[in-house]
Amino acid sequence: MVEQVLQVVAQSYQQVQTIAAFPLLIAGVFVLIVVALGVYVAIVARVRADARVAHLVKAYDTVTKELREAQKIGHFGSFVFDFRDLELSSWSEEMYRLYGLMPREKTPDIHTFLRLAHPQDESVVREMWTHVCTTPGPFAFSYRIVLPTKQVRYVHVEGNTLMDVETKQLRIEGVVHDITKEMEIDRAKSEFVSLASHQLKTPITSIKWLSEVLLRKGSEPVTQVQEKYISNIHDSSQHMIEMINDLLNVSRIELGTLSMKIDEFDVKELIENIREEQWHAAEEKHLTLNITYDDGLPHLVADRNLFRMVIQNLISNAIRYTPANGTIECAVSRAQTDKEFLFVRVTDSGIGIPKEERKHIFEKLYRAPNAQTLVPDGTGLGLYVVKTVIERAHGGISFESEEGKGTTFYVSVPFVWHDTAGVEKAHS
Amino acid sequence: MTDTKKHTVLVVEDEMATALAMGSALEQEGYEVLRAADGEEGLRVALEKHPEVLLVDLKLPKMSGMDMIHALREDAWGKTARVVILTNVSDMGSLQAAMMNDTFYYLIKSDSSVADVIRAVATQLAPSA
């Protein structure tokens, strides 16, 4: 009996065991499946991540290669100078090629730009880099470098200076463009302009002189209409000579051959000469042209032709942009503030310079819309040349203007000029 | 200008229209005008006629204006002849070379008028010149 009971218990226990083991088995299988799935997912994720990394590396390599190729084709290199972490400073491969240097592990320091500068450009480059290293914001300048092979190359540097607000440390990033070819083309163009202008001058001068002879007292009398026509021929040829002179001076500035011939001369005599040349154009428009001089003005020791060109430009502009019956005043005096300077003021009652155009008027080829409307055939070169010459003479030029009322130009130049032609401003 | 009537001016200029303009204006002022169209002819006429003032263009055929002045300065009379250079060549080299040859007066043609040329001649003839 007992045995039977025990057997039943054992059987029941076995049944219970069997019943209890099943969920465990299910759970175990489930865990196994989950683990297997997890491993699978992890492996897939890893494989995918590896593929992604490989793809990114490939893409990075492609971009780097393309950038390198683009820099090579476009003749420009890129650079970064990071003063917070020098490790982040870098030069692209093309930068080394541009500067004729072998690529090296340690990025060349900022002084390399200066060390390789052409001796004539060194001071300008030093000035520019000092500015770049102290002033956050965009920058651009051009200069010549001398490669270790002695080859001279023109480069244009353009970039941006960033400043960390907290540490005040800088990061300078930018590109350097090889502009040697462009400069050569520009030079050839300037040489052509110079040559063509010289050739044009001779026949135009003949036309001007012959018309002047016809208008002189003592020549055979001409009718009133003929006289008017001859006067027009004279004024037009004079205008053309001024335009040719502007072109020639621009080409000289750009070729770096605008040199000075310093002579001593009487300012009054020179300005009277300009008056004589311009009186007819002024009279034609019934303009009053008043010129006053301080007593006892010392002679100028300057480049006569360049000074003449400055005053001639200002007076002929005043005549051109002043409507009929207007007034033009030119006052020549010794500067009040600095007795070493000659001061010339040219005031007109002309069309004036619109406010929004004022910052552009000394730019090459720029002409204000109201000036273009009144005189369509101007070159936009005159004031650019005037400013360049005055700056070369270490003088200054400024103006005041009111649209529809007139303009006053103020020019000051030293009584004694020195030709300190160094690096052309055109490079910067 | 009655006292200038006897004064002789030699214009050495190859550009016909320019020579015509200068010559006519000077004649109107009462000068006797001699003309030459190249450097060789200019030198020959100068040495033969001894004009009181020479107006010499720098860019001339056969012999340049500068070479003509050089040759002129070799001559006993030509050494002190009054020369005014007329040119459109405003390069410093040519003008400095002119200074070396004692020619102190020059006019850039396109920047000058016929009146300037006449004034330059009169200045050369003034007693202090």
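Per-residue answers, yes or no, for (1) within 12 Å of chain B (Cβ to nearest Cβ); (2) of a type outside the set (S, T, N, Q); (3) over 22 Å from A:Ile274 (Cα atoms):
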{"position": "A:Ala188", "(1), (2), (3)": "no, yes, yes"}
{"position": "A:Trp209", "(1), (2), (3)": "yes, yes, no"}
{"position": "A:Val213", "(1), (2), (3)": "yes, yes, no"}
{"position": "A:Gly218", "(1), (2), (3)": "yes, yes, yes"}
{"position": "A:Val222", "(1), (2), (3)": "no, yes, yes"}
{"position": "A:Val225", "(1), (2), (3)": "no, yes, yes"}
{"position": "A:Asp235", "(1), (2), (3)": "no, yes, no"}
{"position": "A:Leu255", "(1), (2), (3)": "no, yes, yes"}
{"position": "A:Asp263", "(1), (2), (3)": "yes, yes, no"}
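One line per residue, one yes/no per condition, for (1) β-branched (Val, Ile, Thr); (2) closer than 18 Å to A:Val385 by Cβ; (3) touching a Lys or Arg at 6+ places or on another chain (Cβ under 8 Å):
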| residue | (1), (2), (3) |
| --- | --- |
| A:Lys268 | no, no, no |
| A:Ile274 | yes, yes, yes |
| A:His280 | no, no, no |
| A:Asp303 | no, yes, yes |
| A:Gln312 | no, yes, no |
| A:Asn325 | no, no, yes |
| A:Ile328 | yes, no, no |
| query | What's the number of the condition A:Ser259 fails, among (1) touching a strand residue (DSSP E or B) at 6+ places or on another chain (Cβ under 9 Å); (2) more than 9 Å from every other protein chain (Cβ to nearest Cβ)? | reply | (2)
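Check the stretch A:153-166 and report whether any residue there is closer than 30 Å to A:Asp85 by Cα and among the polar types (S, T, N, Q). I'd like the intermediate steps shown before the answer.
Keep residues of the stretch A:153-166 that are closer than 30 Å to A:Asp85 by Cα, which gives A:155-166.
Narrowing further to those that are among the polar types (S, T, N, Q): A:160-161.
Within the stretch A:153-166, one or more residues are closer than 30 Å to A:Asp85 by Cα and among the polar types (S, T, N, Q).
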| request: Check A:Ile241 against each of (1) touching a residue at least 24 places away in the same chain (Cβ under 8 Å); (2) within 21 Å of B:Glu15 (Cβ to Cβ); (3) more than 12 Å from chain B (Cβ to nearest Cβ) and name the one condition it does not meet. | output: (3)
| Wholly enclosed strands (runs of 3 or more DSSP E) of the stretch B:1-119 bearing at least 2 residues within 26 Å of A:His239 (Cα to Cα) and at pLDDT below 90 | B:82-87, B:105-108
| note | Only one of (1) in a helix (DSSP H, G or I); (2) touching a residue at least 40 places away in the same chain (Cβ under 8 Å); (3) in the same structural domain as A:Tyr384 (by TED's automatic domain parsing) does not apply to A:Asn290, and that is (1)
| Out of (1) within 14 Å of another protein chain (Cβ to nearest Cβ); (2) more than 18 Å from B:Ile108 (Cβ to Cβ), what's the single condition that is false for A:Glu269? | (2)
| message | Testing A:Val63 on (1) without any contact (Cβ under 8 Å) to a residue 24 or more places away in the chain; (2) assigned by TED's automatic domain parsing to the domain that holds A:Ile172, one condition comes back false. Which one is that? | response | (2)
| Can you tell which of A:Glu158, A:Glu212, A:Glu166 is closer than 21 Å to A:Gln71 by Cβ and acidic (Asp, Glu)? | A:Glu158
| field | Options A:Tyr293, A:Tyr321: the member that is more than 31 Å from the chain's Cα centre (by Cα) and among the aromatic types (Phe, Trp, Tyr) | value | A:Tyr293
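From the set of residues in the stretch A:219-258 that are in a loop (DSSP other than H, G, I, E, B) and within 23 Å of the chain's Cα centre (by Cα), which is surrounded by the most Cβ atoms within 10 Å (Cβ to Cβ)? Full working, then the answer.
The first filter runs over the stretch A:219-258 and keeps only residues in a loop (DSSP other than H, G, I, E, B), leaving A:220-223, A:256-258.
Remaining after also requiring within 23 Å of the chain's Cα centre (by Cα): A:256-258.
Numbers: A:Gly256: 17, A:Thr257: 15, A:Leu258: 22.
Taking the candidates together, the pick is A:Leu258.
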| task | From (1) crowded, with 19+ Cβ neighbours inside 10 Å; (2) within 20 Å of the chain's Cα centre (by Cα), pick out the condition that doesn't hold for A:Lys181. | result | (1)
| request: Sort through A:Leu200, A:Leu162 and tell me the only one that's crowded, with 17+ Cβ neighbours inside 10 Å and either assigned by TED's automatic domain parsing to the domain that holds A:Thr130 or under 30 Å from A:Trp279 (Cβ atoms) (or both). | output: A:Leu200
| query | Which members of the stretch A:324-374 meet the condition of being touching a Leu at 6+ places or on another chain (Cβ under 9 Å) and aromatic (Phe, Trp, Tyr)? | reply | A:Phe362, A:Tyr366
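Given A:Asp338, A:Asp348, which one is of a type in the set (D, E, K, R) and surrounded by 19 or more Cβ atoms within 10 Å (Cβ to Cβ)?
Working: A:Asp338 fails: surrounded by 19 or more Cβ atoms within 10 Å (Cβ to Cβ).
Matching residue, one of A:Asp338, A:Asp348: A:Asp348.
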| request: Go through (1) over 23 Å from A:Ser401 (Cα atoms); (2) more than 14 Å from every other protein chain (Cβ to nearest Cβ); (3) aliphatic (A, V, I, L, M) and name the single condition A:Leu314 misses. | output: (1)
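Could you grab me the full set of residues in the stretch A:272-288 that are within 14 Å of another protein chain (Cβ to nearest Cβ), of a type in the set (Asp, Glu) and surrounded by 13 or more Cβ atoms within 10 Å (Cβ to Cβ)? Outline the logic, then answer.
Keep residues of the stretch A:272-288 that are within 14 Å of another protein chain (Cβ to nearest Cβ), which gives A:272-281.
Applying the additional criterion that residues be of a type in the set (Asp, Glu) yields A:272, A:276-277.
Matches in the stretch A:272-288: A:Glu272, A:Glu277.
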| query | Only one of (1) without any contact (Cβ under 8 Å) to a residue 24 or more places away in the chain; (2) outside any loop (DSSP other than H, G, I, E, B) is not met by A:Val346, so which one is it? | reply | (1)
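The values are calculated or read from the model by the stated rules, or taken from the named source; none is laboratory data. These numbers come from a predicted model, not from an experiment. Using ideal geometry, Cβ is built from the backbone for each residue, glycine included, and neighbour counts are taken over all protein chains shown.
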